[in-house]
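Participant: Handing you a structure now.
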Amino acid sequence: MVFASPIFLLYFLPVFLLVYYLTQKKYKNFVLLIAGVIFYAWGAPKFIYVLLGTTFIDYLLVNQIDKYRGTVTSRIFLLISLVINVGLLFYFKYCGFFVENINALLNAFGVTGEITFTKVIMPIGISFYTFETITYVVDVYRGVHKPQKNFWDYQSYIILFPKLIAGPIVRYHEIAGQISDRSANETIDNKLTGLYRFAIGLAKKVLIANAMAKVADGVYGDPETAAGMIAPEMLSSAHAWTAALAYTFQIYFDFSGYSDMAIGLLKMIGFKIPENFNNPYISQSITEFWRRWHITLGNWMKNYLYIPLGGNRVKTKTRLYFNLWIVFLLSGFWHGASWNFIVWGAWHGLFLILDRMFLEKLTVYIGKPGRILLTFFLVVIGWVFFRVKDVATGFEYVKSLFGAGNSSSVLNVSNEFVLLFFIAVFFSFFASFKKTAEISENLFERDYRAVTHLAFAAATLAFFVICLSSLTADGFNPFIYFRF
Amino acid sequence: MAASQRFKKILLLVLLGLMFLPLLQHYSKLYNEKKLKGAYTEQPEPYLSLSAWNSGTFQDSFSDWVKNNAGFHATFVRVHNQLDYYMADKLNAYNVILGKDGYLYEQQYINAYLGRDYMGEDYWKKMCSRFKRAQDSLAAKNIYMLIALAPGKAAFFPEYLPDSCGKPSGKSNYLTFQKEMGIHGINHIDFMKWFLKMKSTAQYPLYPKGGIHWSTYGSTLALDSLTKFIRHKTNFKIPGIKITGINVTDSLFEYDTDINDATNLLWPIPPVKLAYPRLALDTSSGNRPYPLYTVADSYNWYFYRTDINKEIFQPCTFNYYNATIYSSAGITSAANDKYIMRPNSILMFLVTDGNLGGFPWKFLDDLEVLLKLRDAVTEEDIQNVIWEIKNNKDWLESVKQKAAERGISLDSMMRGDAVWTINKRLDDRIIK
């Protein structure tokens with residue numbers, strides 16, 4: 001099930017909120033758990049058992065980790081848990097990739113025959129919930145927090161449906177207290193502002209991201225199969241840039257919209273979780289970009305990969321840069337089992353290193369607008385690799401950005417796209433100035449007057465109606481009469 | 001001053017309550033929502049079973065069902081369509097094109113006018129030769145065969161077509177068919193030519209702005225012409241019609257606003273006022289009704305539905321696209337209800353330019369078999385050709401591709417191709 005669907009908005013969400021709000025405090029986690037199971041099982045009816053099974057095993061293992069704290073046994077249990085979680089991820093997401101590449105390598109060395117592997121369907125959200133489970137297990141091992149004694153409370157943390165499929169990746173200690181008691185957060189203000197935020201997230205996804213996707217898909221083709229793509233050599237520079245920018249805004253509004261919906265929904269039920277996006281396109285360097293984009297993933301990479309590799313405390317700069325690059329290669333790989341994602345990660349890793357070496361000092365001379373534009377440019381180039389099916393095609397599309405394609409190709413875009421594009425640009429760069437940044441920062445945390453609440457409520461209603469209209473009407477294209 | 005807690009509580013309750021409205025509407029139908037217009041298939045509510053749940057098919061079907069059946073679905077669709085229309089001049093109905101000043105067209109009629117679906121001169125020569133043979137055979141049985149060409153909207157209103165359509169190629173099915181009918185001596189009445197001639201002088205609109213078909217007034221004039229034509233060309237002294245009064249209104253009948261309705265806008269494009277004549281039978285030139293069997297597209301609906309038509313033609317049978325038969329006996333499938341040749345009757349083919357591509361929907365094949373002008377297609381013939389297809393690699397590949405494109409089984413596609421091939425071979429044998 002996805003948030004931006006009629007079944008969720010018209011059936012699941014109203015019923016869930018009604019049941020949740022009417023349920024006594026001591027049973028609320030149970031309601032959350034049931035809702036999470038239904039939510040996940042709806043889209044993955046067989047994998048729910050994998051999810052429930054692995055969380056049960058982790059619960060047992062974590063208790064043992066805590067029981068044998070400070071001993072080798074504790075470390076062994078940690079390793080077992082990591083092997084299970086990473087193993088799951090490896091099997092469902094990466095096995096096919098490695099088999100394919102090993103076969104290619106064997107072929108290159110003239111070895112006949114190949115390793116066979118039947119492709120498996122990847123459980124939805126596996127990248128997110130395995131990472132969350134790892135945070136829980138490692139943090140217990142590190143003594144950051146005690147394990148959750150109540151198995152059902154632990155399950156409801158992992159299977160908390162607003163964040164289950166696409167994050168934010170929430171470390172257990174960030175909401176541990178809220179699992180058992182969130183009455184301090186269950187205020188009318190939070191319920192209202194949570195609902196406003198959910199509606200804004202929905203609008204970002206349905207109205208802006210989907211419109212950008214139509215143009216991006218028109219050039220890059222279907223995201224799964226690349227069917228319908230326009231070959232890079234057929235694109236003019238303007239055409240190529242339109243598609244690249246459309247995708248740049250698509251991915252931002254889609255992902256940040258989803259995060260807004262998750263955070264808003266959780267706020268409505270008393271959870272306060274970390275932010276996941278903070279106006280990333282106003283970043284003045286790639287380093288800053290990664291403090292603003294998918295913040296919870298960045299924190300995960302820092303705490304569970306970068307720091308264990310030595311972090312900033314390594315002896316040499318070479319080792320530091322190497323660690324940074326490895327983290328970003330893996331970060332790219334986490335996004336997808338394909339070389340183009342690794343190249344995307346490498347691209348960002350490279351500029352992160354260059355920032356540390358000299359780039360941040362050098363770009364002081366081009367001023368803030370220059371730095372924002374340069375960073376944005378680098379990010380857009382990176383997104384081209386992220387979007388395409390393979391690295392070679394990525395390079396061709398990047399070349400077409402700089403005039404290598406057919407100069408006469410024209411992209412016809414609708415007035416609707418143009419309008420939404422400018423709205424996307426406006427909101428992406430809105431927080432570039434101090435005053436506007438202040439507005440953006442505390443948008444949902446202020447004590448508003450009644451008239452402001454009414455304005456937000458009207459906007460919420462309008463967004464719901466327009467988004468539902470778009471979702472329910474999508475594909476409804478009747479004939480005038482049936483034909484023969 | 002910050003809003004009070006009480007105010008915020010009420011606001012929250014109102015917003016949450018509104019979220020429940022569609023669910024409430026679906027199960028209670030409290031608000032009488034206008035149904036969506038146009039032709040679309042309604043999906044039954046899916047049935048939950050363990051196997052359907054485990055395979056995920058129930059979830060997909062139920063999600064689709066909710067999408068198309070949730071409370072206020074029609075309103076949501078109309079809001080969406082209205083926004084698309086305002087922001088992008090886009091209409092969400094299959095093949096509907098928005099012209100200038102809100103004139104609406106269907107793409108196929110535009111294609112026909114521009115000549116994009118042109119079948120070629122040879123095709124129409126052959127077709128007319130076949131019609132001529134059939135006409136002569138029928139005439140020998142005292143059955144008058146006639147072809148009526150109804151005006152297509154794009155050809156009638158080219159001035160409102162969007163500029164992006166381009167210019168006509170100069171060759172179209174209508175122009176060639178009409179020319180060949182004249183050369184071959186086929187009985188025909190060209191309403192297209194006549195309508196275009198009358199366009200600037202007609203008292204009331206002959207075509208609606210938001211409808212596919214000729215207006216009620218236009219088709220009334222056409223019916224009047226048809227009766228005069230038949231009386232003139234045959235010895236069938238059928239009655240005519242006279243207009244006893246006219247009601248001019250912008251509250252249009254459904255068939256005069258069918259395209260506009262199918263766009264399902266919140267605020268439909270304002271129509272032009274149309275005239276609705278009141279008719280009476282005119283027996284001054286004839287008073288004996290004759291049987292009429294019409295093979296036609298939807299332009300015949302006006303003729304068929306008008307009460308007075310049934311006083312002029314008795315019995316009156318409407319064979320709709322050679323798929324469904326409408327008559328006083330009810331509605332039957334054309335597969336089960338074959339044409340019966342009746343002396344002293346009229347067999348009329350009525351078609352618009354937009355439908356000439358499929359015309360006459362295999363009726364002529366069946367008629368030729370009935371008139372013993374061709375051999376019937378037997379099951380053995382079909383199986384023989386299917387064998388040919390299976391043993392011809394290129395042909396088989398082409399059939400597989402067509403089946404995939406149309407979303408039908410390979411067996412169905414092979415059968416369709418076989419029947420088409422047999423008929424083509426028969427055509428080539430019949431026409432030298």
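Participant: Scanning for something away from chain A (no Cβ under 11 Å), over 20 Å from A:D474 (Cα atoms) and free of Cβ contacts under 8 Å to residues at least 60 places away in the same chain, does the range B:37-44 turn up at least one residue?
Facilitator: The answer is no; no qualifying residue exists.
Participant: Another question, then. Starting from residues that are more than 7 Å from chain A (Cβ to nearest Cβ) and of a type in the set (G, A, S), keep the ones in the range B:1-36 and report whichever is nearest to A:V465 (Cα to Cα).
Facilitator: B:G17
Participant: For residues in the range A:37-59 being closer than 23 Å to B:H26 by Cβ and in contact (Cβ under 8 Å) with a residue 60 or more places away in the chain, which is nearest to the other protein chains (Cβ to nearest Cβ)?
Facilitator: A:G43
Participant: Separate question: Can B:Y47 be described as facing chain A (nearest Cβ under 7 Å), aromatic (F, W, Y) and not in a helix (DSSP H, G or I)?
Facilitator: Spelling it out, it is not the case that B:Y47 is facing chain A (nearest Cβ under 7 Å), aromatic (F, W, Y) and not in a helix (DSSP H, G or I).
Participant: Please state which one of B:S200, B:S225 is more than 16 Å from B:A150 (Cα to Cα), surrounded by fewer than 23 Cβ atoms within 10 Å (Cβ to Cβ), of a type in the set (S, T, Y) and out of contact with any Asp or Glu (no Cβ under 8 Å at 6 or more places or on another chain).
Facilitator: Exactly one residue qualifies, and that residue is B:S200.
Participant: Here are some residues: B:L114, B:L146. Which one is buried (at least 20 other Cβ atoms within 10 Å of the Cβ), modelled with pLDDT of 95 or more and farther than 24 Å from B:M348 by Cβ?
Facilitator: B:L114
Participant: Let me ask another. Mind listing whichever residues of the range A:361-378 are in contact (Cβ under 8 Å) with a residue 60 or more places away in the chain and in contact with a helix residue (DSSP H, G or I) (Cβ under 7 Å, 6 or more places away or on another chain)?
Facilitator: Those that are in contact (Cβ under 8 Å) with a residue 60 or more places away in the chain and in contact with a helix residue (DSSP H, G or I) (Cβ under 7 Å, 6 or more places away or on another chain): A:T363, A:R371, A:I372, A:T375, A:F376, A:L378.
Participant: Could you list, in sequence order, the residues of the range A:408-427 that are surrounded by 13 or more Cβ atoms within 10 Å (Cβ to Cβ), assigned to a helix (DSSP H, G or I) and more than 14 Å from chain B (Cβ to nearest Cβ)?
Facilitator: Matches in the range A:408-427: A:A424, A:V425, A:F427.
Participant: If you don't mind, there's one more thing I want to ask. State the number of residues belonging to the range A:2-36 that are more than 13 Å from chain B (Cβ to nearest Cβ), touching a residue at least 24 places away in the same chain (Cβ under 8 Å) and open to solvent by 40 Å² or more (accessible area, probe 1.4 Å).
Facilitator: Count: 2.
Participant: Kindly list the number of the only condition in (1) in contact with a Leu (Cβ under 8 Å, 6 or more places away or on another chain); (2) within 30 Å of A:G257 (Cβ to Cβ) that fails for A:F341.
Facilitator: (1)
Participant: Among the residues of the range B:63-95, write down those that are touching a residue at least 12 places away in the same chain (Cβ under 8 Å), more than 7 Å from chain A (Cβ to nearest Cβ) and not polar (S, T, N, Q).
Facilitator: B:D64, B:W65, B:G71, B:F72, B:A74, B:R78, B:Y85, B:L91
Participant: On the basis of being of a type outside the set (A, V, I, L, M) and either open to solvent by 30 Å² or more (accessible area, probe 1.4 Å) or free of Cβ contacts under 8 Å to residues at least 12 places away in the same chain (or both), does A:S440 make the cut?
Facilitator: yes
Participant: List the pairs whose first member sits in the range B:281-299 and is of a type in the set (D, E, K, R), whose second member is open to solvent by 10 Å² or more (accessible area, probe 1.4 Å), and whose Cβ atoms are under 6 Å apart, counting only residues at least 6 apart or on separate chains?
Facilitator: B:D282/B:I241; B:D282/B:K242; B:R288/B:K237; B:D297/B:N355
Participant: What residue, among those in the range B:100-111 that are touching a Phe, Trp or Tyr at 6+ places or on another chain (Cβ under 7 Å) and surrounded by fewer than 21 Cβ atoms within 10 Å (Cβ to Cβ), is farthest from the other protein chains (Cβ to nearest Cβ)?
Facilitator: B:D101
Participant: A further question follows. Name the residue that is nearest to A:Y40 (Cα to Cα), counting only residues in the range B:38-75 that are among the β-branched types (V, I, T) and surrounded by fewer than 17 Cβ atoms within 10 Å (Cβ to Cβ).
Facilitator: Going through the qualifying residues, I end up with B:T57.
Participant: Check every one of the helices (runs of 4 or more DSSP H) wholly within the range B:51-145 and list those with 2 or more residues that are among the basic types (K, R).
Facilitator: B:121-140
Participant: Are any of the residues in the range B:238-245 in a strand (DSSP E or B), open to solvent by less than 80 Å² (accessible area, probe 1.4 Å), of a type outside the set (F, W, Y) and in contact with a helix residue (DSSP H, G or I) (Cβ under 6 Å, 6 or more places away or on another chain)?
Facilitator: Checked the range B:238-245: at least one residue is in a strand (DSSP E or B), open to solvent by less than 80 Å² (accessible area, probe 1.4 Å), of a type outside the set (F, W, Y) and in contact with a helix residue (DSSP H, G or I) (Cβ under 6 Å, 6 or more places away or on another chain).
Participant: A further question follows. Being part of a helix (DSSP H, G or I), within 8 Å of chain B (Cβ to nearest Cβ) and of a type in the set (A, V, I, L, M, F, W, C) is the filter here, so list the residues in the range A:428-484 that pass it.
Facilitator: A:A450, A:L454, A:A457, A:L461, A:F464, A:V465, A:I466, A:L468, A:L471, A:A473
Participant: Which members of the range B:304-338 meet the condition of being among the aliphatic types (A, V, I, L, M), open to solvent by less than 30 Å² (accessible area, probe 1.4 Å) and away from every other protein chain (no Cβ under 14 Å)?
Facilitator: B:I308, B:I312
Participant: Separate question: Taking B:P270 as the residue in question, decide whether it is assigned to a loop (DSSP other than H, G, I, E, B) and not hydroxyl-bearing (S, T, Y).
Facilitator: yes
The values are calculated or read from the model by the stated rules, or taken from the named source; none is laboratory data. As the structure is a prediction and not an experimental result, all values here were calculated from the model. Cβ coordinates were reconstructed from backbone atoms using ideal geometry, including for glycine residues, and neighbour counts include every protein chain displayed. Just the protein is used for accessible areas: all its heavy atoms, side chains included, with ligands, DNA and RNA removed. Shrake-Rupley method; radii C 1.70, N 1.55, O 1.52, S 1.80 Å.
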